[in-house]
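Notes follow once the structure below has been shown.
FYI, it's all coordinate maths here, none of it is from the lab. Note that the coordinates shown come from a computational prediction; the quantities given were computed from them, not determined experimentally. A quick note on method: Cβ atoms are made from the backbone with ideal geometry, for glycine too, and the neighbour counts reach across all protein chains shown.
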Amino acid sequence: MFTGIIKAKGKISRMERRGGDLRLTVTSPDLPWHEFDVGESISVNGVCLTAVSLDDDGFVTDVSLETLDVTALSALVEGMVVNLEPAISLGERLGGHLVSGHVDCIGTVNARKSDARSIRFVFAVPGEYRRYIAKKGSVCIDGVSLTVNEVSADTFSVNIIPHTAEVTIIGGYKTGTKVNIEVDLVARYLERLLTSDDDKGITKDFLRAHGYG
């Protein structure tokens, strides 16, 4: 599990095609790689990947064909900068929201404009995922935990403060940029409970009776 609070930016220093999938070497001077072990989960642009080897300045990971098909990692090139977050440990501050690193869909930057000292981005997501995104709810974009400002029929928007623009790759987004989207886990589980065939499950009437209507 992750928090969506990016710990460092890294660089794709090597890409190697292997039997249809991909081996990545990711480097960053800003994480204590000596503290990590082979098998660690590390989020790269919001995608949970496993370290298959480590050295003093980064790690190597394999990216499956399935992951390449369903995430924006397929657009990576050598030298590209990425967001990095190691998995959380017990007792760590949870500054964002719980993030699994399992990307739901690929989104697209529809618009970017200045909003005082912040940047307002408008994102489009595939239609079947819009129902999981709510005003003032949480969403994870390329591994970054963000609060949704507005939602329309086709898009949603977020505001990026100067700090987030500086310490993540979001400051470099342009119209047309493809991003990894993970919706809030709570929305996923609520949908499952509400559509369960089990009569004892949570219903809409139950939620209304308990103040959620």
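Some notes on this structure:
- Nearest-ten-degree value, helix 185-194 long axis tilted from longest Cα axis of the chain: 40
- In terms of its alpha-carbon gyration tensor, the range 1-114 comes out rounded; the largest-to-smallest axis ratio a/c stays below the 1.5 threshold.
- For the range 105-190, the relative contact order is 37 percent, taking Cα pairs closer than 8 Å that sit 6 or more residues apart in sequence and dividing their mean separation by the residue count.
- Computed over neighbours whose Cβ is under 10 Å from that of residue 60, the net charge equals -1, Lys and Arg +1, Asp and Glu -1.
- Sequence-ordered 3J(HN,Hα) estimates for the range 27-33 from the Karplus curve with 6.51, -1.76 and 1.60 and θ = phi - 60° stand at 10, 7, x, 10, 10, x, 4 Hz, glycine and proline given as x.
- Convex hull projection area averaged over all views, the range 105-190, Cα basis, nm²: 5.1
- Contact order relative to length of the range 1-51, as percent, for alpha carbon pairs under 8 angstrom and 6 or more apart: 27
- Exposed loop sites here are trypsin sites (Lys or Arg not before Pro) assigned a DSSP state other than H, G, I, E or B and surrounded by at most 16 other beta carbons within 10 Å; excluding them, the longest clear run of the chain is 1-92.
- Each principal axis of the Cα atoms in the chain has its own extent, and those three values, largest first, are 56, 43, 37 angstrom.
- Rel. contact order, % - alpha carbon contacts under 8 angstrom, at least six apart, the chain: 22
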